[in-house]
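The values are calculated or read from the model by the stated rules, or taken from the named source; none is laboratory data. Since the structure is predicted, the reported quantities are computational estimates derived from the model, not experimental observations. Cβ: placed from backbone, ideal geometry, glycine included. Neighbour counts: every protein chain shown. With ligands, DNA and RNA removed, areas are computed over all heavy atoms of the protein, side chains included. Shrake-Rupley method; radii C 1.70, N 1.55, O 1.52, S 1.80 Å.
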Amino acid sequence: MATPAHLNALRAFEASARHASFSAAARELNVTPAAVGQLVKTLEDWLGTPLFHRASSGKARLILTARAERALPDIRAGLDSLATGVEILRETDERQVLTVTVSPAFAAKWLLPRIERFHHAWPELDLRLDTQHRPLDLAAHGIDAGIRYGAGHWPGLLATRLMEEEVYPVCAPALLENGGPLIHPGDLAGKVLIHDLSMQGHRDFPTWQAWLTKAGVPQVNNGRGMQINNSAAILQAAIDGHGIALARSVMVHDDIKAGRLVRLFPSFRHASPLAYHVVCRPECAALPRFTAFRDWLLDEVAS
């Protein structure tokens, strides 16, 4: 199985299994669907067993056999390890590229304001940021590391906790001056609230309804206001005086420190059940460029 032909067949099998489609696998591998199908058939002939149940109609045209489903995780891990090994061989001693996926909001509000210190500490590393609203498949996109917000469990990834945080309302100083004092959470009644939809549907993601209930004022109508699917844009809307945002402390820290926003009801504390983590594929955990980035993040958090 060490021949290039078999390696290509394994790649075709893994991509076809991930997409449940020869056509989608072909687009990823930059070959024709017929070529993918032939590679998979060659692998099946060599093994003497089918890898897929093929359907002529329906949404799922390719369904893994039970044996193929059991073998797929090890094959996928092996291909990932091969790709990492080849990448190490291609690295030069002069410069390396570290690819990190991160949400646009976290990049804008936390990472980029601090990134110059990373460049100063690791001048031989070039950082390439991939900013996406949705989490990317690190293996499929060849990404070294990611920063994710959640409970800390992502299948196939190693996660190191970076930061926990609180959740609290914030607004522009001018809004307090012109709209009257906000002393008690019940004073939010009738105010324009700004809602964060960036992780809509996640069970534990902080919402206005959850915060108001925890604050003991569930009767406050939280249906009014703006709805935005970008956490950085939400804070900007609050800075511009368009309403009151439910902010996450990590994202809003610099804006409060600079006086662009004011924390409301500071005596009431509400911790988020979610936290920020740096994640990687297991085969990337020992890469020097990843450990350099992870350790720098931990140092930044500690400071």
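Does region 132-227 classify as rounded, prolate or oblate by the C-alpha gyration tensor (a ≥ b ≥ c root eigenvalues; a/c under 1.5 gives rounded; else a/b over b/c gives prolate, otherwise oblate)? Prolate.
How high is the relative contact order of region 223-303, in percent, counting Cα pairs under 8 Å that sit 6 or more residues apart? RCO, region 223-303: 15 percent. Subtracting the Cα-Cα distance of L29 and E69 from 0.36 nm times their residue separation leaves 12.3 nm of extension gain. Model label points for M226 and Q209, set 7 angstrom from Cα along the Cα-to-Cβ axis, are 2.3 nm apart.
Over all orientations, the chain has a Cα convex hull whose mean projected area works out to 19.6 square nanometres. Set the Förster distance to 41 Å, then compute FRET efficiency between A83 and A258 from the Cβ-Cβ distance, nearest 0.05. The pair A83/A258 has a calculated efficiency of 0.45. Note on W154 and A121: with the Förster distance fixed at 25 Å, the Cβ-Cβ geometry gives a FRET efficiency of about 0.40.
Note on K41: aspartates and glutamates with a C-alpha under 19 Å away, same-chain residues under 8 apart excluded, are E14, E28, E69.
Taking a ≥ b ≥ c as the square roots of the eigenvalues of the alpha carbon gyration tensor, region 21-179 is prolate, as a/c is not under 1.5 and a/b beats b/c. Cα centroids of region 4-74 and region 192-233: 44 Å apart. Apolar share of the accessible surface for the chain: 54 percent from carbon plus sulfur atoms, 1.4 Å probe.
Loop-resident GluC sites (Glu not before Pro) (DSSP state other than H, G, I, E or B) in region 162-271 with no more than 15 further Cβ atoms inside 10 Å of their Cβ: E164. Dipole magnitude for region 20-172: computed about the Cα centre from +1 point charges on Lys and Arg Cβ and -1 point charges on Asp and Glu Cβ, it is near 700 debye.
Sequence-distant contacts, meaning Cα pairs under 8 Å at least 6 residues apart, place the relative contact order of the chain at 21 percent. Once the Cβ-Cβ distance of K41 and R18 is raised to the sixth power relative to R0 = 25 Å, the FRET efficiency obtained is 0.85. Site pair R114 and L298 shows an inter-label distance of 1.4 nm when each label is modelled 7 Å from Cα along Cα→Cβ.
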